[in-house]
1. Once neighbouring chains are kept in place and the probe is 1.4 Å, which whole percent of the accessible area of the chain is contributed by carbon and sulfur?
2. Separation of region 72-108 and region 126-159 by C-alpha centroid, Å?
3. Using the crude model of +1 on Lys and Arg Cβ and -1 on Asp and Glu Cβ, and no other charge, please compute the dipole size for the chain relative to its Cα centre, in debye to 20.
4. Looking at region 81-181, which GluC sites (Glu not before Pro) are DSSP coil and have at most 10 other C-beta atoms within 10 Å of their C-beta?
5. Got a sec? Charge dipole of region 80-193, +1 on Cβ for Lys and Arg, -1 for Asp and Glu; which of SER95, LEU177, ALA132 is way out at the positive end?
6. Answer with one residue from MET1, TYR43, THR17: the one whose Cα lies farthest towards the positive end of the charge dipole of region 1-50, charges on Cβ with Lys, Arg +1 and Asp, Glu -1.
7. What shape does region 47-128 have by the C-alpha gyration tensor, where a ≥ b ≥ c are the square roots of the eigenvalues, rounded means a/c under 1.5, and otherwise prolate means a/b greater than b/c and oblate the rest?
8. Give me the number: length gained by fully extending GLU10 to ASP31, i.e. 0.36 nm times residue separation minus the C-alpha to C-alpha distance, one decimal in nm.
Amino acid sequence: MTFTERLREESAWDDATRHRFVREYRNGTLDDEVFREYLVDDYAFLETGARVTALAAADAPTMDEMARLSEQLGVLTGGENDYFVRAFDELGVPSEEYEDPDLHPTTEAFVDFMHRVAREGGYEETLASILAAEWVYLDWCEYAAEADHKRWYLDEWVELHVVDAFCEYVGWLRGQLDERGPRLSEERKERVAEVFERTVELEARFFDAAYR
């Protein structure tokens, strides 16, 4: 078992990747209002993901890692942002609602956690939080992609996360931690595991919040 496989095995993986939200997404019964709530909070989280990725790039040990993370930063600030704007228009979400949202406490806790990890931890801790978030998305979107969605914004959201480029990025993140994780001190290994586990837990709670 690789380092990242062990991280996943020791987390509450299925709670996030097979959540009620995911199951309803897959079987076509997800309510638009639930998806609307989810998307507004996720849009706020997009900026956090971009900032944390930028901080990871700044901490990267070599130019190669810096370049790869910077490439992903361009995806977060480009293609995904365009999807959100079009989906909000389709779902009737006014710009003031998603530009200055009333965030759920879980989202606020998630944002705070990711920022604290990136500011206070090292490169590996930050990668652990990014990997957990992105890998959860890849897993549940691959599962949900098996459905034939009749609403374009559900179909396209999944498609954004099952393209080869995103799969390769998750694989690259795993490779980074599989290479560097085993060389960490036992204390750092434990910290990386805690960060990964907490991120997965927050992903599940993020889905819970959509049903507020």
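1. Numbers: 4430 of 9920 Å².
Here it works out to 45 percent.
2. When both Cα centres are located, 16 Å separates them.
3. On the way: 23 positive and 51 negative charges, 106 e Å.
Dipole of the chain, to the nearest 20 debye: 520 debye.
4. Working: sites: GLU90, GLU96, GLU97, GLU99, GLU108, GLU120, GLU124, GLU125, GLU134, GLU142, GLU146, GLU156, GLU159, GLU168, GLU179; in loops: GLU146.
Qualifying residues, ordered by number: GLU146.
5. LEU177
6. After comparing all options, I get MET1.
7. Values: a/c = 3.98, a/b = 1.58, b/c = 2.51.
Oblate shape, in that a/c is at least 1.5 and b/c is the bigger or equal ratio.
8. Numbers: separation 21, 0.36 × 21 = 7.56 nm, distance 3.17 nm.
4.4 nm is the gain from fully extending GLU10 to ASP31.
The values are calculated or read from the model by the stated rules, or taken from the named source; none is laboratory data. Since we're looking at a predicted model, the values are computed, not measured. With ideal geometry, Cβ positions are generated from the backbone for all residues, glycine too; neighbour counts draw on all protein chains shown. All accessible areas refer to the heavy atoms of the entire protein, side chains included, with ligands and DNA or RNA removed. Shrake-Rupley method; radii C 1.70, N 1.55, O 1.52, S 1.80 Å.
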